[in-house]
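What follows is a short report on a single structure.
Since every read-out is calculated from the coordinates, none of them should be taken as a lab result. The structure presented is a predicted model; accordingly, all values stated were derived computationally and were not measured. No Cβ is skipped: glycine too gets one built from the backbone with ideal geometry, and neighbour counts run over all protein chains shown.
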Amino acid sequence: MRPINEQTILITGATDGLGRALAAELAAEGATVLVHGRDDQRGKDTLEEIGGRASWYRADLSSLAEVRTLAEAVRADHPRLDVLVNNAGIGFASEDGRQESADGHELRFAVNYLSGYLLTRLLLPTLLASAPARIVNVSSLGQQPIDFDDVMITRGYSGTRAYRQSKLAQIMFTIDLAAELAGTGVTANALHPATFMPTKMVPSPISSLEEGVHATHRLVTDPALDDVSGRFFNGLDASRANDQAYDTNARARLHELSEHLTA
């Protein structure tokens, strides 16, 4: 990878929690940081806080049209992209019941997985042209196999199940993407940053935000990981995801579904 002060890094969900803290650290190290979020005021506040060479991109990732607009804006502004961090997401609280995205998809699947899938696909030519480059998917240890007969969980809905399914989908995509990109200089890895960090998703944290930032920052910058791809990390340690992540047939079904839903 290039020196950090020569890198351009896009972080989704960067106006809060892990994304914001990671953006601040990378900006302080001299990177050009592209800050994504949904609210212009929060974006302005984030840019003022982190300083450096940072810029703001607003998009609601529950809309695939806005994901496309985000990708177009990033491509237009930056001919090179060294790192994409798919961090934006919705937690597992289910008191609001089942919700749908602007495109009619189950909301957590849409925001936590499908938006990152589409954004990555749209920005892949820029990442390839910038190689070496990295894709980092912020996932979770909370994983549950996808029921391909009811991916959108129209029966027996649970916010926890929806969250866990979406996070496993991220890892399945990461493994397939790494195989697709082998030899190109672009790597793809996923991680569980830390357990129950103090973010808006977590009412009772048991680990520090700094732990999560450190683990994610390592996947973004560590030279020792230049040739590491298709892995799932629990914090700083290589780990194993749910068994379905290593099922080639399940990954093929997810790929086909993802292409259909984002076509």
Rg and Dmax in Å for the range 4-262, alpha carbons only: what are they? 16.8, 49
For 146, 171, what ranking results if the residue with the fewest other Cβ atoms within 10 Å of its Cβ goes first? 146, 171
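May I ask you to sort 103, 237 by Cβ crowding, counting other Cβ atoms within 10 Å and putting the fewest first?
The fewest-first ordering by Cβ neighbours comes to 237, 103.
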Net charge within 10 Å of residue 143 by Cβ-Cβ distance, Lys/Arg positive one each and Asp/Glu negative one each, not counting residue 143 itself? +1
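Just for the chain, what percent of DSSP beta bridges are antiparallel, to the closest 5?
Details: 4 of 30 bridges.
Here the share of antiparallel DSSP bridges comes out near 15 percent.
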Sorted by Cβ neighbour density within 10 Å, fewest at the top, the residues 167, 44: 44, 167
Compute the signed sum of charges (Lys and Arg +1, Asp and Glu -1) over the other residues within less than 15 Å, Cβ to Cβ, of residue 249. -4
Could you work out the relative contact order of the chain? I mean the mean sequence separation of Cα pairs under 8 Å and 6+ apart, divided by the number of residues, in percent. 18 percent
